[in-house]
1. Return yes when B:Pro134 is within 13 Å of B:Ile225 (Cα to Cα), of a type outside the set (Lys, Arg) and assigned to a helix (DSSP H, G or I) and no when it is not.
2. Does any residue of the stretch A:51-58 turn out to be touching a Pro at 6+ places or on another chain (Cβ under 8 Å), free of Cβ contacts under 8 Å to residues at least 40 places away in the same chain, within 30 Å of B:Leu145 (Cβ to Cβ) and of a type in the set (A, V, I, L, M, F, W, C)?
3. Which condition does B:Ala87 not pass, out of (1) within 14 Å of chain A (Cβ to nearest Cβ); (2) over 21 Å from B:Thr237 (Cβ atoms), if it passes all the others?
4. Pick out the one residue from B:Leu92, B:Leu117, B:Leu121, B:Leu151 that is crowded, with 19+ Cβ neighbours inside 10 Å and either part of a helix (DSSP H, G or I) or more than 7 Å from every other protein chain (Cβ to nearest Cβ) (or both).
5. Restricting attention to the stretch A:104-158, which residues are more than 25 Å from B:Phe257 (Cβ to Cβ), touching a residue at least 40 places away in the same chain (Cβ under 8 Å) and touching a Pro at 6+ places or on another chain (Cβ under 6 Å)?
6. So how many residues does the stretch B:95-109 have that are surrounded by fewer than 20 Cβ atoms within 10 Å (Cβ to Cβ), facing another protein chain (nearest Cβ under 9 Å) and among the small types (Gly, Ala, Ser)?
7. Take the conditions within 14 Å of chain A (Cβ to nearest Cβ), under 18 Å from the mean Cα position of the chain (by Cα) and charged (D, E, K, R) and apply them to B:Arg112. Does it pass?
8. Could you go through the stretch A:214-235 and let me know if any residue there is surrounded by 20 or more Cβ atoms within 10 Å (Cβ to Cβ), within 14 Å of another protein chain (Cβ to nearest Cβ), of a type in the set (Ser, Thr, Tyr) and not in a helix (DSSP H, G or I).
Amino acid sequence: MANIKHRRELSDTTLAMLFIAPLIIFLFGIIIYPMATSLYSSFSIVKLSPYQINFAGLLNYANIFSDQYFYHSLLVSARFVAEVVAITTGLSLGIALFLNETLPFRGVIRAIILLPYALSEFTTAYSWRWFLSSDWGLLNGILYRLGLIKEYIWFVNYEHSVEWMAVAYSWHIVPLCAFFMLAGLQTIPEQLYMQAKIDGIGPVGRFTKITLPFIKYAVLITLVLSTFFAATTADIVILMTGGGPGISSTTLTYYIYEVVFKSFNLGYGAAISWLLIAIVMVLATLYFTFLTRTGRAR
Amino acid sequence: MKKKLVLIVVAIALILWSVLPLYYILIAAFMWETDVVSRPPQIFPTNPTFSNILRVLGFPAPGITGEMLRPAGYPVVEGLTNSAIVASTVTLIAMAVSVPAGYVLGRYNIPRRNALLMLILGTRTLPPISIVIPYFIMYKTIGLLGTHLGLIIAHLSLIIPLITWILMGFFATLPRELEKQARIDGFTRMGAFVRIVLPVASSGIATCAIIAFLTSWNEFIMAWILTTGSKAQTLPTVLATMFTQNIGLSIFAVANFLATFPAILIAITLQRHITRLRIVDPLTQVI
């Protein structure tokens, strides 16, 4: 008898299918199925205890367009996203340029700068809420001690609650983007700068002609990330401002939260949430096309 | 010389920017309530105490005048336990699903691969507030509201696509010859994966496990909606409830400290490994 060990051998396809099957089951079971029910809810009137769902066609979607609070929250979201994107891009570029210099205590400085990103959105929101408090906030305390103010200031007021929220949120995500840009900066060969200096190109010229082209991709990534993070976050609003004072910082995500989980207007809330998803998807497609083009052009 | 001075000033400004907002809520955990609300606030605690921490953890402790105070009586320890249960279960399941899937997506050419990738990417862009709506309605009708299982399932919907995507990129960067050599050495395809690929990939897999754990540990909105006030509520949920109840600031600061500290520790250890994963892809939306 031949001494051949018969082992059960899987073909490539069988192994691949075996390995991928759990993922597909999970994707359909815990994401696609729930989202499909959510889509159906958005076309229905949904009541809880006892559960009742009645198809209502386009009613919810039609109502959105006559809802002044929806327009308000859409504008607040747009303002919030624009501010986060602007602050994040500017600041992370600055931090990346700084970290790219030769520094003493480099490791320590890097770790401290990375710290806000290591914190949760949750801690970010509460830290800033405390920091800006008009009763016992540290920012007021410092300004007071320095003699710059006589009375404590109410920072997170009707006019500027969105701005402060944008600052707090940017604080949280800037380190991530700064490290993306730093990775881009570190690919620039030192000789290019030397050559430019010899050719008599000034610092501004060196920045636009050498630095920018090398970090264009990282800047784009920052734009994408900060847009998505800011457009989809609800945590920072719930925990830092509660949409207020009044409704001054009610973003679209917070408005959905209120409609669904405070007024229990489930079908309507689902409809607005699908509108948000549609906006995000359109942005995603735009960015994706843009990124792959730039990626190839690199 | 002038440049050096500028760099020092910038360094100090950046350190203040990173630390100041967090600073007060951290030291308030070790301060007496009257000191926390004093005006102007103390930059350094003049009269530090461990009483708040002891009382939050469920022990009686002396107050500022020396009399014994009862434990604070908030379910902080319960929240910590729940957070640990949920986050570790989520990590185990997510890794069991994502490691094999990430391996195949990163190294095999399977039919409809692109469609599957677009699906994973699409789910990554869903706002958490949108995913939690159907879960809330479903759980309300089938009684999964306020249970560990319910929150675990919801967290998996966020974490499996994220981890699969990162692992796919990671497996794709490993040398092509790994399996070829293993097959020549007489391993089956399964054997090559278990005995050769997994050990080589272990550091990347460990990093992804930490990312999965942290994401679940830090997650707020789903936990807040699906577990508030129940026996399964996680630490962030307990804290948010405490905050709405107008409790003492120093007590709240302690709870916040407990929620933040493990995460910071893990993140610092993680920092060293994260570059190795090369998660610089824009659409991964890391951590």
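Throughout, read-outs are computed from the coordinates displayed, never taken from laboratory work. All figures in this text were calculated on a predicted structure; none of them were measured in a lab. FYI the Cβ positions are ideal-geometry reconstructions off the backbone, even for glycines, and counts take in every protein chain you see.
1. Judged against the criteria, B:Pro134 is a match.
2. Looking for residues that are touching a Pro at 6+ places or on another chain (Cβ under 8 Å), free of Cβ contacts under 8 Å to residues at least 40 places away in the same chain, within 30 Å of B:Leu145 (Cβ to Cβ) and of a type in the set (A, V, I, L, M, F, W, C), one finds none in the stretch A:51-58, hence no.
3. (2)
4. B:Leu151
5. Passing the criteria: only A:Tyr158.
6. The total comes to 1.
7. no
8. Checked the stretch A:214-235: at least one residue is surrounded by 20 or more Cβ atoms within 10 Å (Cβ to Cβ), within 14 Å of another protein chain (Cβ to nearest Cβ), of a type in the set (Ser, Thr, Tyr) and not in a helix (DSSP H, G or I).
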